[in-house]
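Below is one structure, written out as C-alpha cells, with a few remarks after it.
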Amino acid sequence: MESVRAVLVDIDGVLTVSWRPLPGAVEALREIREAGYAVLLVTNTTSRTRASIARTLADAGFPVAAEDILTAPAATAAHLAEHSPGARCALLNSGDIAADLEGVTVVDPADGDAEPDVVLVGGAGPEFGYEALDRAFGHLQRGARLVAMHRNLYWRTAEGLRLDSGAFLAGLERAARVEAEITGKPARAFFEAALSRLGVGAGEAVMVGDDVESDVLGAQRAGITGVLVRTGKFRQETLDAADGTPGHVIDAFADLPVLLRGSAQQ
C-alpha cells in the first residue's frame, strides 16, 4: 500500500446506491483526489453511458467527468474491435448504451435475415424475457459466440438486491454448451485496461468494490491490492465462501482516506 499512486473505484454499492451518494463518499473522493492519487471509476453498469453516469455523479457533488470512467460496454467495444472486427452482434441488454459501443455493429433482433456472429449480453432487466433468451439460445446453437459484459448475479438498489444477467448467462452457457467471453470485471483485460488508462503498474493501484469476486479478487488476480467495502451488495456469507481473501476490508468508502493515510505514514 505504501507504493499506491492510483485508486480504482466501483460505483454502484460503493459510491452510490440507486445513484444516491452513500454517506461520506463525496467528501472521501474529493480528499483522495486532493491527496494526489489518480482516480478511475470502473463499473460493470450497463444501463447508462459514461457521459450519463458522469452527469449524475457530478450533480450529486462527486468530482468526476466522463473521462474518469471506464464501463464494461466501453471495454466490450474495444475487445470486439480487437478480436472480432466487423462482427454482427445481437445485443441483449437493459438500457441504452449505444454511445459506449462505438464501432460495434448491432443487428435488429426482429430481422430474421440478420444472423449474428456474436450474442452480446449486458445487464438484466425487463428485456430478459423468454422470447429474447430463446432467440439468443438459437443463435448460439447455430454457431454464434457468446460475449458477456460481466457475470454479476445481482446488484443492490434502494429496494434491496435485484437479479442481474449472470444468472441468465449461466443458463445460456449450460444449455448451448458454450463458455462466455467476459469483457468487464473480473476479466484481467478489464483491469489491465484501467491501469493503462492511468499509466500505473498493478502494484501501484488499489481496487475498491463491494463485490468480493468481481471487484476485489478479480483485481487481486491482476496484481492489484483489493479493498472490500461493507456496503452495497456486500454479504458476510459471500465473503466467507469466497475463493480468496481481500487485502483489506473497510466499512465504507468514506474510510478509504484513513486507510491510505495510514499506509503512507508507515
Original post:
For region 165-179, which residues satisfy the criterion of being in contact (Cβ under 8 Å) with a residue 24 or more places away in the chain and open to solvent by 10 Å² or more (accessible area, probe 1.4 Å)?
Top reply: ALA167, PHE168, GLY171, LEU172, GLU173, ALA175, ALA176, VAL178, GLU179
Subject >> Subset of region 242-266 [in contact with a helix residue (DSSP H, G or I) (Cβ under 9 Å, 6 or more places away or on another chain) and farther than 25 Å from VAL26 by Cβ] >> reply: ALA242, ASP243, GLY244, THR245
Subject >> Pick from region 17-42, criterion touching a residue at least 40 places away in the same chain (Cβ under 8 Å), β-branched (Val, Ile, Thr) and in contact with a helix residue (DSSP H, G or I) (Cβ under 7 Å, 6 or more places away or on another chain), ranking: farthest from GLU213 (Cα to Cα) >> reply: ILE32
Original post:
In region 69-112, how many are of a type outside the set (Val, Ile, Thr), part of a loop (DSSP other than H, G, I, E, B) and open to solvent by less than 30 Å² (accessible area, probe 1.4 Å)?
Top reply: 5
Original post:
So LEU228 fits all but one of (1) in contact (Cβ under 8 Å) with a residue 40 or more places away in the chain; (2) open to solvent by less than 20 Å² (accessible area, probe 1.4 Å); (3) not basic (Lys, Arg); what number is the exception?
Top reply: (1)
**OP:** Would you mention how many residues in region 24-48 are in a strand (DSSP E or B) and of a type in the set (Val, Ile, Thr)?
**Re:** 3
**OP:** Give SER47, SER52 a once-over and let me know the one that is out of contact with any helix residue (DSSP H, G or I) (no Cβ under 7 Å at 6 or more places or on another chain), open to solvent by 40 Å² or more (accessible area, probe 1.4 Å) and small (Gly, Ala, Ser).
**Re:** SER47
Subject >> Qualifying residue in region 175-183 (condition: on the phi > 0 side of the Ramachandran plot and in a loop (DSSP other than H, G, I, E, B)) >> reply: yes
Original post:
Considering region 214-249 alone, what residues qualify as being part of a helix (DSSP H, G or I), of a type outside the set (Val, Ile, Thr) and modelled with pLDDT of 95 or more?
Top reply: ASP215, LEU217, GLY218, ALA219, GLN220, ARG221, GLN236, GLU237, LEU239, ASP240
Original post:
What are the residues in region 88-124 that are over 23 Å from THR45 (Cα atoms) and touching a strand residue (DSSP E or B) at 6+ places or on another chain (Cβ under 8 Å), if any?
Top reply: ALA114, GLU115, PRO116, ASP117
Original post:
Mind checking whether some residue in region 5-23 is part of a helix (DSSP H, G or I) and either surrounded by 21 or more Cβ atoms within 10 Å (Cβ to Cβ) or modelled with pLDDT of 95 or more (or both)?
Top reply: no
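The values are calculated or read from the model by the stated rules, or taken from the named source; none is laboratory data. This one's a predicted model, so the numbers in the text were calculated from it and none came from an experiment. Ideal geometry is used to build each Cβ from the backbone, glycine not excepted, and the neighbour counts take in all protein chains shown. For accessibility, only protein heavy atoms count, side chains too; no ligands or nucleic acids. Shrake-Rupley method; radii C 1.70, N 1.55, O 1.52, S 1.80 Å.
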